[in-house]
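Heads up: the structure comes next, in C-alpha cells.
Where a number appears in this text, it was derived from the coordinates with a stated rule and is not lab data. Treat the numbers as computed from the prediction; the structure is a model and nothing was measured. Cβ: placed from backbone, ideal geometry, glycine included. Neighbour counts: every protein chain shown.
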Ligand code: ATP
C-alpha cells in the first residue's frame, strides 16, 4: 500500500482537500492535530517537554501550558529546535503505527503543514502539494481565524515558500478559486487506484 503526504502553506486548503479524499474512503492522518494530542498524552513526550520547559510546562497532568511553551519556544530558536526534535519523532512513530493499522484501502494520506521542513516527507511514497495565490491564502485565513493580516503574514513568512514546495511535489492541486478542487482530487485518486 502506498502512503502519501499532503502539504501546502497556511490557508492553501490542505484540510479542505483532505475532506474530499475522505469522502472517497481514503483515511487521513492529521499530523498537526495529532502532534497537539501527543504533547498532552504521550508519556515519553510529556517527560521530554517537562525536562525542556520545566514543571510549568503542564498546568495539570495532560494539560499542556501552551502560553508557557509559546513564550519560551517561539522567541528562542534553540528551544524551538529542541522541542521539534522531541515532537517530530513522536509524531513519526505514531503515524507509522496508524499507517500499519489501515487495511483494505488503496492508499493513505498524511496531512502536515511542515512536511518538507520537518523532513517527514522522506518516509512517504509520494507528495501532494496544495497551492493557492498568497493573497487568497491571507484572505481565507483572516476570515477563518478572525486574524489580522500582519499575524497571517508573519506565519506565512516562517514557512518554506510555496513555489519550492510545488517543485518538490509529485502532484499539485491548484486551489486558486478558478480551478475546481473535486476534479483535481478525482484525477489523482483515479491515477493512484489505476482506474
Ligand atoms: P492551515 O495550514 O492553516 O490549517 P489549510 O491549508 O488546511 O490551512 P483550509 O483550512 O483547508 O487550509 O482552508 C483555509 C480556509 O479557506 C478555510 O476556511 C476553508 O474553508 C477556506 N477555503 C479553502 N479552499 C477554499 C475554496 N476553494 N473556496 C472557498 N473557500 C476555501
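Sequence-distant contacts, meaning Cα pairs under 8 Å at least 6 residues apart, place the relative contact order of region 33-101 at 32 percent. Counting other Cβ atoms within 10 Å as a rough exposure proxy, the listed residues 93, 122 run 122, 93 from fewest neighbours to most.
With both labels modelled 7 Å from their Cα along Cα-to-Cβ, the residue 145 to residue 195 distance reads 3.8 nm.
Classify the chain as rounded, prolate or oblate, taking a ≥ b ≥ c as the square roots of the eigenvalues of its Cα gyration tensor: rounded when a/c is under 1.5, otherwise prolate if a/b is larger than b/c and oblate if not.
oblate
The simple Förster model, with R0 at 45 Å and r as the Cβ-Cβ distance, assigns residue 182 and residue 66 a FRET efficiency of 0.80.
Region 153-195 and region 66-127 have Cα centres separated by 19 Å.
Looking only at the chain, where both bridge partners belong to it, what percent of the DSSP beta bridges are antiparallel (to the nearest 5)? Percent antiparallel among DSSP bridges in the chain is about 10. In the chain, helices alone account for a calculated mean residue ellipticity at 222 nm of -16500 deg cm²/dmol, with every DSSP H run of four or more residues adding -39,500 (n - 2.57). Using a Debye calculation, one point per C-alpha and no hydration shell, please list log10 I(q)/I(0) for region 33-101 at q = 0.12, 0.13, 0.17, 0.26 Å⁻¹ in order. Cα-only, vacuum Debye calculation for region 33-101: -0.30, -0.35, -0.58, -1.21. One chain, two ends: residue 136 and residue 16. Fully extended at 0.36 nm per residue, the span grows by 41.7 nm beyond their Cα-Cα distance.
With each label modelled as a point 7 angstrom along the Cα→C-beta vector, the residue 33-residue 77 pair spans 3.4 nm.
The simple spin-label model puts a point 7 Å past each Cα toward its Cβ; for residue 56 and residue 164 those points are separated by 3.3 nm.
What FRET efficiency do you get for residue 44 and residue 125 if R0 is 41 Å and r is their Cβ-Cβ distance, rounded to the nearest 0.05?
For R0 = 41 Å, the calculated efficiency reads 0.90.
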